[in-house]
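**Student:** I have a structure here, written as structure tokens, and I will follow up with some questions on it.
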Amino acid sequence: MRPRTRAVVALAGALLLSVPAGPALAHDEGGDGRTEALTAEERAGAPECDPIDPAACMLPYPNDWYTVRDRRSETGRRLALTPSMMPVNAAGQTADPGAYNRGDGFSPGSTLVVRVPGISLPRSGAAPVTDIARSLSRDAPIVIVDNETGQRWPYWAELDSHATSPDRQALLVHPARNFIPGHTYSVGLRNLRDGSGASIAPNSVFASLVGRTLPRHDPLWARQKQLRPVLRELADHGRVDPRSLYLAWDFTVASTENTTGSLLEIRDDAFEDLGRQAPAYTITSVQDFTPEQDDRIAREIKGFVAVPSYLNAPGGPPGSSFNYGRDGKPRQLPGNVQQAPFQCEIPRSAFAAPSQASLYGHGLLGSEREVRGSNVRSMANEHNFTFCATKWIGMSEDDIPVVIASLTNIGHFDAVADRLQQGVLDTLFLGRLLGNPRGFAADPAFRTAEGRPVIDTRKGVVYDGNSQGGIMGGITVAVSQDVRRGVLGVTGMNYGGLLLNRSSDFVQFQPLIDQAYPDKIDQQLGLLLMQLLWDRAETNGYAANLTDRPLPHTPRHQVLMQIAFGDHQVANVSAEAQARTMGARIATPALAPGRSPDVTPYWGIAPITRYPFSGSSALVVWDSGTPAPPTTNTPPFEPDYGEDPHSDPRNSAAARVQKAAFLTTGQVVDVCGGAPCRAG
């Protein structure tokens, strides 16, 4: 769904002027971190903002300068953001950092943001998105070291192409695969050059930190103390001479427990209370279609499933967020229930033989009604699947005003992220209804005239989703105890770090963020701060545990990713980062020779060597002939980048054959005759 720009901008203007700023969340100070977290006494008198990059507070980002010790956390740290550190919107409102300070580190998909005046990335030899392997070369100008393993980390670097002024253009460094949760990373920028090829010298602050030991009373003493272990890590494992450095810092990635804890808490609590029973539900509509009305779907059923709500308002409406107990965990208000709407499409084939039950995930800011899309109905009848969908509350059609409010004041983004997690729970409850013999299969609405169920619960329940349904499908499969296999169509991850800047969908919303946060560095910081909360509610925070390294009390899963080459809406680079993080294999040849601009197409993703493939995860690229996407952080547009292929894989009969085979057998089959897969 694509909201009309004028209405969105008008609503944003009103919200920008009406949303108040909130108070800061107090933080505790506790035990050791991995790279000498400073005590409160050591930090006394030190600058609040990191002085090594004066372009904006919180640069460079992410950065352990903005953490404190916390012995209670898995990482030994806790974010310690204050309102004065956060970007200020055009209405003069500071963002409440309270929800952000629940984190014990930064996003595993964190984009590194820093300002380097005059830098030329080609002159410096930095790795572009088309040559990721170069990031690991001995003389790479940007070095990222995993302090726990000593390994160099792959990335690509770019200048922010959305910047409107050279003096506010950020350097963006994207991890080629997600950083490891709980690990600390040291970053070094060295031997940087400007457009003329001249060396760029460090600023006076950083030069003094790398120099002689500062006296205890010096305001920069604490910053130097935190920097010294970073310099050692870079020297020992990155072979970086401190004298060559333009800048260096470190950051810690949030732990898996911290990122996934809230969703797992509400899942475990809700399903423990449910036990072996099927969730309560209400059917509001049953419609039978004649073949003339619909030659693929015989019956459509609508209703509501009752789900325990962990949001802080009765019924969990848009704008509500988690209700936290004294233990800091989401807790259900007494009697609070979410009435999650559902819509199911039963194919004609199911009246001949019981069908495979499948959840379906809808697209951007859409609704459960998308389960009636033509491609879904074709998949249903061709391969005998019954599809049921509910809303991705948090990012459904009902949530558009709240999404807009969050873009105009990032302090309110918890209302999006928390409702998204509740939406995942809603989807899990709908899945239980599909898979439990006491659920839909026992209801006359899901039976033939002879009383036979149209769903075969012995086959379990699977997942299929596209676009936002693919992005949200990853987290849903990752935490599901019922779904074992999922297809993620035209998918990706990491909204704030990779997707939004590169999506043609976000162009509708860009005027809103331009109005609220005119400064382009503030925009990048705002999106990346939002990603700290998004990690708890989309695949980016769960990708490492999606398949064969499952989360606690969760089975292993299998995942098939089908992407559209040159996708205008969901950037291919995000799907590739997801595949590397998951350890997925790629179907080869992925593309015809010359189609990819990369030196090594799909670098770091191992090929599938034989079919059928029964591994835990796979990536298949479907090519419609669309031009390769931009190599900058900008979206592709028609006509320069051809027609958007976003819908082509799901509309391909061959892709549907591949999906059906995978969902029913767990095997990826070659439906392209040993050649690159074509769609459209």
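**Student:** Work out how much length Asp456 to Arg549 would gain on full extension: take 0.36 nm times their residue separation and subtract the Cα-Cα distance, in nm to one decimal.
**Tutor:** Roughly 30.6 nm would be gained on extension.
**Student:** Please state, rounded to one decimal and in Å, the Kirkwood hydrodynamic radius that the range 396-513 gives when every pair of distinct Cα atoms enters the mean of 1/r.
**Tutor:** Every distinct Cα pair counted, the radius reaches 16.5 Å.
**Student:** In debye to the nearest 20, how big a dipole does the chain give about its Cα centre with +1 on each Lys and Arg Cβ and -1 on each Asp and Glu Cβ?
**Tutor:** 1020 debye
**Student:** For the chain, with the dipole built from +1 on Lys and Arg beta-carbon atoms and -1 on Asp and Glu ones, taken about the Cα centre, which of Leu264, His383, Ala56 lies farthest toward the positive end?
**Tutor:** His383
**Student:** While we're looking at this one, here's another question. Once amide H atoms are built 1.01 Å from N in the peptide plane, which residues 5 or more positions from Ile200, or in another chain, come under 5 Å H to H?
**Tutor:** The answer is Leu192, Arg193, Asp194.
**Student:** Report, to the nearest 10°, how far helix 5-18 tilts away from the longest principal axis of the Cα atoms in the chain, using its own Cα long axis and a range of 0 to 90°.
**Tutor:** Compared with the principal axis, the helix lies near 60 degrees.
**Student:** What part of the accessible area of the chain, given as a whole %, is carbon or sulfur when the probe is 1.4 angstrom?
**Tutor:** Here carbon and sulfur together make up 51 percent of the probe-accessible area.
**Student:** Within straight cross-link reach of Lys391, meaning Cα distance under 18 Å, which lysines are found once same-chain residues fewer than 8 apart are removed?
**Tutor:** Lys302
**Student:** If the cut-off is 16 Å between C-alpha atoms, which aspartates and glutamates fall inside it for Lys459, apart from same-chain ones fewer than 8 positions away?
**Tutor:** Cross-link targets: Asp482.
**Student:** Kindly express, to the nearest 10 degrees and within the range 0 to 90, the angle between helix 653-665's C-alpha long axis and the longest C-alpha principal axis of the chain.
**Tutor:** Helix 653-665 and the main axis of the chain meet at about 90 degrees.
**Student:** Using modelled amide H (1.01 Å from N, peptide plane; none on Pro or chain starts), what sits under 5 Å from the amide H of Tyr281, excluding residues fewer than 5 places away?
**Tutor:** Under 5 Å from the amide H of Tyr281: Ala306.
**Student:** Now for a separate question. Give me the tail of P(r) for the chain as a percent: Cα-Cα pairs with distance above 37 Å.
**Tutor:** That tail contains 36 percent of the Cα-Cα pairs.
**Student:** Under the Kirkwood approximation applied to all pairs of distinct alpha-carbon atoms, what is the hydrodynamic radius of the range 215-371 in Å?
**Tutor:** 21.5 Å
**Student:** A further question on this structure: Determine the distance separating the Cα centre of the range 311-355 from the Cα centre of the range 229-287; give it in Å without decimals.
**Tutor:** 22 Å
**Student:** Mind checking Rg over Rh on the range 476-548, alpha carbons, Kirkwood formula for Rh?
**Tutor:** Result: Rg/Rh = 1.07.
**Student:** Sticking with this structure for a sec: Could you work out how much longer the chain between Ile283 and Leu214 gets when fully extended? Use 0.36 nm per residue separation minus the Cα distance between them, nm to one decimal.
**Tutor:** 17.7 nm
**Student:** Toward the positive end of the charge dipole of the chain, about the Cα centre and with charges on Cβ (Lys, Arg +1; Asp, Glu -1), which of Gly469, Ala201, Thr588 goes farthest?
**Tutor:** Thr588
**Student:** How many Å² of accessible area per residue for the chain, probe 1.4 Å?
**Tutor:** With all protein chains present, the chain gives 35 Å² per residue.
**Student:** When the convex hull of the Cα atoms of the range 436-491 is projected onto a plane and the area is averaged over all directions, what value comes out in nm²?
**Tutor:** 4.5 nm²
**Student:** Turning to a different aspect of this structure: Using a cut-off of under 18 Å, list every residue of the range 376-418 whose amide N is near the label point 7 Å from the Cα of Arg369 along the Cα-to-beta-carbon line.
**Tutor:** Under cut-off, by backbone N: 376-377, 388-401.
**Student:** Near the amide H of Arg485, under 5 Å away, which other amide H atoms are found, from residues 5 or more places off or on another chain, if H is placed in the peptide plane?
**Tutor:** Under 5 Å from the amide H of Arg485 lie the amide H atoms of Tyr463, Gln558, each far enough along the sequence or on another chain.
**Student:** Sorted by average packing, counted as other Cβ atoms within 10 angstrom per residue and highest first, what order do 355-368, 456-469 take?
**Tutor:** Details: 355-368: 25.0, 456-469: 23.0.
Highest-to-lowest ranking by the protection proxy: 355-368, 456-469.
**Student:** Also: Quick one: divide the alpha-carbon radius of gyration of the range 69-115 by 2.2 N^0.38 Å and tell me what you get.
**Tutor:** Values: Rg = 12.8 Å, N = 47, 2.2 N^0.38 = 9.5 Å.
Taking N as the residue count of the range 69-115, the ratio is 1.35.
**Student:** Can you order the peptides 222-232, 164-174 by their average number of other Cβ atoms within 10 Å per residue, highest first?
**Tutor:** Result, highest mean Cβ count within 10 Å first: 222-232, 164-174.
**Student:** Before rounding to the nearest 500, sum -39500 (n - 2.57) across all DSSP H runs of length at least 4 in the chain and divide by the residue total; then give [θ] at 222 nm in deg cm²/dmol.
**Tutor:** Values: 15 runs with 169 residues, N = 680.
That calculation yields -7500 deg cm²/dmol at 222 nm.
**Student:** What number results when the radius of gyration of the range 422-579, computed over Cα atoms, is divided by 2.2 N^0.38 Å?
**Tutor:** Dividing the Cα radius of gyration by 2.2 N^0.38 Å gives 1.23.
**Student:** Show which aspartates and glutamates lie in cross-link reach of Lys329 when reach means a straight Cα distance below 13 angstrom and same-chain residues fewer than eight apart are skipped.
**Tutor:** Answer for Lys329, where 13 Å is the Cα cut-off: Glu257, Glu265, Asp268, Asp269, Asp418, listed by chain and number.
**Student:** Counting Lys +1, Arg +1, Asp -1, Glu -1, what net charge surrounds Ser596 among other residues with beta carbon under 13 Å of its beta carbon?
**Tutor:** Local charge sum for Ser596: -3.
**Student:** Then there is this: Can you give me the P(r) profile for the range 264-348? Cα pairs, bins 10 angstrom wide beginning at 0, each as a whole percent.
**Tutor:** 16, 35, 25, 16, 7, 1
**Student:** If N is the number of residues in the range 115-169, what value comes out of its Cα radius of gyration divided by 2.2 N^0.38 Å?
**Tutor:** Dividing the Cα Rg of the range 115-169 by 2.2 N^0.38 Å gives 1.27.
**Student:** Principal axis lengths of the range 507-566 from Cα atoms, whole Å, largest first?
**Tutor:** The Cα atoms of the range 507-566 stretch 45, 30, 15 Å along their principal axes.
**Student:** Kindly give Rg over Rh for the range 310-357, based on alpha-carbon atoms, with the Kirkwood expression for the hydrodynamic radius.
**Tutor:** 1.32
**Student:** By how many degrees, 0 to 90 and rounded to 10, does the Cα axis of helix 520-534 deviate from the longest principal axis of the chain?
**Tutor:** Its long axis makes an angle of about 50 degrees.
The values are calculated or read from the model by the stated rules, or taken from the named source; none is laboratory data. Being a predicted model, the structure only gives us computed values, none of them experimental. Cβ atoms come from the backbone with ideal geometry, glycine included; neighbour counts cover every protein chain shown. Protein only, heavy atoms only, side chains kept; ligands, DNA and RNA dropped before computing areas. Shrake-Rupley method; radii C 1.70, N 1.55, O 1.52, S 1.80 Å.
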